[in-house]
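J.: The following block contains the structure, expressed as structure tokens.
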Amino acid sequence: MTLGNQDPPTPPESPQSNGRTVRLVVAGILLAIPVVALMAVPTYSKTDPTLWGFPFFFWYQFLWVFLCAGFTYGAYRVTLSAGRKERDR
């Protein structure tokens, strides 16, 4: 039996690192929401309702420009808080 070929034991995960993992998962979900919403083209591939003469297809996508910015900013803030909690430990 040789000890040199064994992997070192991994330390148990602390509750603080579990909280960081949860925050990073939330950030990933926030980033995935716009991707999923815009990839579901059949849900918004229609002309009605129109907004100021623009078909739904166009103004829905344009609305997501601003929503994507909001979701990305939210993910950024969640990621910052996860990093801040890690540094405070």
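J.: It is to be established whether one or more residues within segment 56-66 are open to solvent by 80 Å² or more (accessible area, probe 1.4 Å), within 23 Å of N18 (Cα to Cα) and within 22 Å of the chain's Cα centre (by Cα). Talk me through it step by step, then tell me what you get.
T.: Initial filter on segment 56-66 (open to solvent by 80 Å² or more (accessible area, probe 1.4 Å)): 58, 62, 65-66.
In the following step, the residues that additionally are within 23 Å of N18 (Cα to Cα) were identified as none.
Looking for residues that are open to solvent by 80 Å² or more (accessible area, probe 1.4 Å), within 23 Å of N18 (Cα to Cα) and within 22 Å of the chain's Cα centre (by Cα), one finds none in segment 56-66, hence no.
J.: Please determine, by comparing only the residues of segment 22-35 that are of a type in the set (A, V, I, L, M) and touching a residue at least 12 places away in the same chain (Cβ under 8 Å), which one is least open to solvent (accessible area, probe 1.4 Å). Can you show your working first?
T.: Of all residues in segment 22-35, those of a type in the set (A, V, I, L, M) come to 22, 24-27, 29-33, 35.
Next cut, touching a residue at least 12 places away in the same chain (Cβ under 8 Å) only: 24, 26-27, 30-31, 33.
Details: L24: 70, V26: 64, A27: 6, L30: 39, L31: 88, I33: 65 Å².
Selected residue: A27.
J.: Looking at E86, E13 in this structure, which one is in contact with a helix residue (DSSP H, G or I) (Cβ under 7 Å, 6 or more places away or on another chain), of a type in the set (D, E) and either open to solvent by less than 70 Å² (accessible area, probe 1.4 Å) or at pLDDT below 90 (or both)? Before you say what the answer is, go through the steps one by one.
T.: Values: E13 fails: in contact with a helix residue (DSSP H, G or I) (Cβ under 7 Å, 6 or more places away or on another chain).
Just one listed residue meets the conditions, E86.
J.: Another one. G19 is checked against (1) over 30 Å from R77 (Cα atoms); (2) modelled with pLDDT under 85; (3) surrounded by 10 or more Cβ atoms within 10 Å (Cβ to Cβ); (4) not polar (S, T, N, Q) and fails just one. What number does that condition carry?
T.: (1)
J.: Kindly establish whether T43 is within 11 Å of the chain's Cα centre (by Cα) and at pLDDT 80 or above. If you could, list the steps in order and put the result at the bottom.
T.: Values: within 11 Å of the chain's Cα centre (by Cα): no; at pLDDT 80 or above: yes.
So T43 does not fit the description; no.
J.: What are the pairs, 6+ residues apart or on separate chains, where a residue within segment 36-62 that is of a type in the set (A, V, I, L, M) has its Cβ under 6 Å from a residue that is surrounded by 14 or more Cβ atoms within 10 Å (Cβ to Cβ)?
T.: Going by the 6 Å Cβ cut-off, the qualifying pairs are L38/W64; L51/W59.
The values are calculated or read from the model by the stated rules, or taken from the named source; none is laboratory data. Note that the structure is a prediction, hence the values are computed from the model and not measured. Backbone-built Cβ (ideal geometry, glycine too); neighbour counts: all protein chains shown. Heavy atoms of the whole protein, side chains included, go into the accessibility calculation; ligands, DNA and RNA do not. Shrake-Rupley method; radii C 1.70, N 1.55, O 1.52, S 1.80 Å.
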